[in-house]
Each structure stands twice: as structure tokens, then as C-alpha cells.
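Following: one structure in C-alpha cells, then a few remarks.
The values are calculated or read from the model by the stated rules, or taken from the named source; none is laboratory data. Just so it is clear, the structure is predicted and the values come from calculations on it, not from any experiment. A quick note on method: Cβ atoms are made from the backbone with ideal geometry, for glycine too, and the neighbour counts reach across all protein chains shown.
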Amino acid sequence: MLLEKRLEFIDSLAALPTVITPRAFTDFGQDKPPHDINKPTASVMPGTIDAFLPGVPQQTIDDVNLCKLVMQNAASKKYPEDAQLFEWYKYYVEGLKNLGWVIQNKDIQEVTIRRVGLTMDQVSLEIAKGLIGANAAQVLAHVGSQAVEAVQKNPRAIDIFNREFKLGKQAKFDIAPVWVDNNNQANMVLNCISLDARESTRGILFWKSTKQSTTIKTGAVRTYLDNKVFSGLRNAMYQKYSEAGQKFIEELPDF
């Protein structure tokens, strides 16, 4: 796709909603120290946790977060109903491709879980294994677990993550491991997992599978961000979305 067409696509995307930030959250996290590239960290958006492995610089963190936030918002405006999950996911992924993300392989399926006490990060890890292999997935497991625990302890992060959650409804979430390859390009396993959240009275963040079987719809792709393509789009993305996006993204302290 030509650069002009990609810029036109960005211009056509929906604006982020106007949000009045609660006063209690206005100064939350302002004293957080700068990200140490040698440590893992995480960011939170509505329904999404991005878990960054050591070696990911701040600029890459910002790029990944903004790309995902913008396309999630656009997909939700176009396909707002729970029953439209696969249409939502397809539009989301295709939109990311327009922003410079390259899809390597994907896995979309419906599975039934009968394991008691399975948490959302463990579900995400099981999905990722099919795309990156069991050995690599084990490296990511600890960071994913730390990310979820950090969110559970952060009031603003919980508020942001649960922004679109409806108690007693089908809920979708994304816990995405992100790392940098030898070409300094962001690599990611992009998950979209939907399950019946009626078992959890505290929201999907605190969900655990019970003795009852749980049917989960999943979509996952392994992808990387083409730096050459995105470098021509970065200014347009940040000019349109960066200020509003700050209200929907909470960057957590390094682990």
C-alpha cells in the first residue's frame, strides 16, 4: 500500500472518545521513574495489557500502545456487539496491517477449558504457544503473570482496563507479549480472547475458570511492526491521537 493511502486511512479512523479524567487519577503515576530498557514492563488500555520484555525502548512501547488503541477504538465503533467478535477482530488486524504491522501467522479457534483455577494470563499463554512454540512461551509466561498482578494492584490501571467491561456479559481481552527482534522491530503475539465473564463478580481481571467448562473464542496472530513503513506514519498518528490517547493508556512501573 502506498504511503498516501496509509495516511488517508489514518485520517479516516474514528477519533478517541472524550473522557473527563477523575480527579483522584489526575496525578497518579506522574512520579514514575523512566523506563529501564533492561527491565520488563507493561502498559494497560481498555481490555488490553501489553507486556514488554527486556530490551524494548520507550519509543517502541509508545508506538505499540498507540497503534493498538487507535485500531481497537475504530473496530469497536464499527462492530460494537459481542456477537460481532470475529468481524471486530478481522477489521482490527487488517487496520494494523495498514499501519505497518506485518502478519506472519495466525490461529483462530473456539476451545473448551475444563481446568479449575485457570487465570486470564494463563489462557493467553496457551494461545501464544501455538504461534511461538512452548519454549519461547515459557520465557513470556513470567512477564505476563507479573503484568496482570501489577494491574490488579493499580487503581487507575483497573479503571482503564475495565472501561468497556459489562458485568455478567461476554468479555474480550488481550494480553500481548511484545519483544524486539535483531532488526529493532517490535514483535508481538496479538490475542483476542472472548469468554463468559458471569463467573467473576470483580471483572475479567480477576476471572478464574471454575469446575464448569468454559468455552473460549480466540484469535491470535504473530506480527511485527515494519519500522520503515511506520516511520512515515508516526507523525500523523501522534498528531491526531497522542493527547487523547493519554487518558486511555496507563504505563506501569518496571518489574
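Would you confirm, using the coordinates I've provided, whether Asp11 is surrounded by fewer than 18 Cβ atoms within 10 Å (Cβ to Cβ), of a type in the set (Asp, Glu), at negative phi and at pLDDT 90 or above? Explain how you work it out, then say what you get.
Working: surrounded by fewer than 18 Cβ atoms within 10 Å (Cβ to Cβ): yes; of a type in the set (Asp, Glu): yes; at negative phi: yes; at pLDDT 90 or above: yes.
Yes, satisfied.
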Next on the checklist: Being surrounded by fewer than 20 Cβ atoms within 10 Å (Cβ to Cβ), under 30 Å from Asn182 (Cβ atoms) and either out of contact with any strand residue (DSSP E or B) (no Cβ under 6 Å at 6 or more places or on another chain) or at pLDDT 90 or above (or both) is the filter here; which residues of the range 209-236 pass it?
Outcome noted: Tyr224, Asp226, Asn227, Lys228, Val229, Phe230, Ser231, Gly232, Leu233, Arg234, Asn235, Ala236
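Looking at Ala171, Ala157, Ala176, can you tell me which residue is outside any loop (DSSP other than H, G, I, E, B), of a type outside the set (S, T, N, Q), buried (at least 21 other Cβ atoms within 10 Å of the Cβ) and modelled with pLDDT under 70?
On the way: Ala157 fails: modelled with pLDDT under 70; Ala176 fails: modelled with pLDDT under 70.
Within the list Ala171, Ala157, Ala176, the selection yields Ala171.
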Checklist entry - Which residue pairs have Cβ atoms closer than 9 Å, lie 6 or more positions apart in sequence or on different chains, and pair a first residue in the range 33-62 that is aromatic (Phe, Trp, Tyr) with a second residue that is part of a helix (DSSP H, G or I)? => result Phe52/Thr60; Phe52/Ile61; Phe52/Val64; Phe52/Val143; Phe52/Ala147
Checklist outcome for this item: Of the residues in the range 237-251, those that are in contact with a helix residue (DSSP H, G or I) (Cβ under 8 Å, 6 or more places away or on another chain) and crowded, with 16+ Cβ neighbours inside 10 Å come to Met237, Lys240, Tyr241, Gly245, Phe248, Ile249, Glu250, Glu251
Checklist entry - Within the range 61-74, can one find any residue that is more than 22 Å from Ala157 (Cβ to Cβ) and at pLDDT 95 or above? => result yes
Checklist entry - Does the range 35-74 hold any residues that are of a type in the set (S, T, N, Q) and either in contact with a strand residue (DSSP E or B) (Cβ under 7 Å, 6 or more places away or on another chain) or closer than 17 Å to Val221 by Cβ (or both), and which are they? => result Thr41, Ser43, Thr48, Thr60, Asn65, Gln72
Checklist entry - Would the range 186-208 turn up any residue that is modelled with pLDDT of 80 or more, in a loop (DSSP other than H, G, I, E, B) and surrounded by 15 or more Cβ atoms within 10 Å (Cβ to Cβ)? => result no
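Quickly run through the range 36-80 and pick out the residues that are in a loop (DSSP other than H, G, I, E, B) and either farther than 21 Å from Ala141 by Cα or touching a Cys at 6+ places or on another chain (Cβ under 8 Å) (or both).
Of all residues in the range 36-80, those in a loop (DSSP other than H, G, I, E, B) come to 36-40, 46-47, 53-57, 79-80.
Correct list: Pro46, Tyr79, Pro80.
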Checklist entry - When residues of the range 97-128 are filtered for being closer than 16 Å to Pro177 by Cβ, at pLDDT 70 or above and not aliphatic (A, V, I, L, M), how many remain? => result 8
